[in-house]
1. Within segment 131-186, which residues are of a type in the set (F, W, Y) and over 18 Å from V84 (Cα atoms)?
2. Hey, can you tell me all the residues within segment 178-206 that are β-branched (V, I, T) and either touching a Phe, Trp or Tyr at 6+ places or on another chain (Cβ under 7 Å) or not in a loop (DSSP other than H, G, I, E, B) (or both)?
3. Scan segment 158-176 and give yes if some residue there is surrounded by fewer than 13 Cβ atoms within 10 Å (Cβ to Cβ), under 25 Å from T11 (Cβ atoms) and of a type outside the set (D, E), otherwise no.
4. Picking from A107, A126, which residue would you name as being buried (at least 16 other Cβ atoms within 10 Å of the Cβ) and either closer than 18 Å to E51 by Cβ or small (G, A, S) (or both)?
5. Please find, among S142, S129, the residue that is small (G, A, S) and in contact with a Phe, Trp or Tyr (Cβ under 8 Å, 6 or more places away or on another chain).
6. Any chance segment 95-113 includes a residue that's basic (K, R), within 19 Å of T73 (Cα to Cα) and under 15 Å from the mean Cα position of the chain (by Cα)?
7. Within segment 28-47, take every residue that is in contact (Cβ under 8 Å) with a residue 24 or more places away in the chain and more than 15 Å from the chain's Cα centre (by Cα) and give me the one that is nearest to D76 (Cα to Cα).
8. Do we find a residue being more than 25 Å from P158 (Cα to Cα) and at pLDDT 95 or above anywhere in segment 69-82?
Amino acid sequence: MGQPRRPRHTTTHDWASQVDVEHLEHIREAAARFAPGGAGHLILEVFAYAEEEAKANGGGRCSITLHADGSTTVSDDGRGTETVGDQRGQIVKKPVMVSRDLRYFDAPAPPCLPDGHPRRGISVVAALSEWLVHTNRRDNGSWTQRYEHAFPVTALVPLAADGSTGTAVRFRPIAAVRVLGAVNFDELRRWTGSCPQLSVELTDLR
């Protein structure tokens with residue numbers, strides 16, 4: 001694959017680090033540290049990006065669905081995960097799932113999520129999931145990609161445009177996270193109700 005053309009503005013991830021194996025393995029070896037309290041924290045790691053989009057766009061919507069198989073879907077109507085073309089004209093997605101969020105992961109005092117624990121970035125969710133599917137819709141195209149045990153197992157699979165933009169992340173935490181605690185629906189409602197720019201819909205199908 002050719003090297004991606006890096007965006008001119010400052011980004012949150014290193015585009016050259018398409019899969020940071022050491023980073024992902026470090027997270028997987030410390031599930032209790034990076035998913036304190038269990039799966040609820042991972043939901044908040046994804047939700048934080050929806051909050052950012054809503055604040056940047058002056059408002060937005062987010063839905064969170066707890067599925068019967070133990071997975072969760074978090075979707076929003078933001079701009080979608082950033083993409084660029086590589087030297088051969090192929091689309092490359094910002095490596096949010098497989099590299100550290102430069103703002104938070106190694107920060108000495110990262111901001112806390114609504115559960116009171118530090119924000120580290122969405123790569124924590126990919127690293128601590130049995131599988132994860134990231135669907136990305138932007139004005140210039142739509143794709144989906146599947147990850148298993150932290151690593152991508154498909155390329156970007158094109159999707160037909162439906163007139164929308166945004167992201168959807170569905171993931172099932174690994175057993176080491178699930179034993180730390182199940183998602184409390186009332187607690188999740190309280191945690192996700194603090195952003196006035198974001199309308200949140202919660203659904204419990206368990």
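1. Hits for segment 131-186 are W131, Y147, F151, F171, F185.
2. Correct list: T192, V200, T203.
3. Scanning segment 158-176, I find at least one residue that is surrounded by fewer than 13 Cβ atoms within 10 Å (Cβ to Cβ), under 25 Å from T11 (Cβ atoms) and of a type outside the set (D, E), so the answer is yes.
4. A126
5. S129
6. no
7. G38
8. yes
The values are calculated or read from the model by the stated rules, or taken from the named source; none is laboratory data. Being a predicted model, the structure only gives us computed values, none of them experimental. Backbone-built Cβ (ideal geometry, glycine too); neighbour counts: all protein chains shown.
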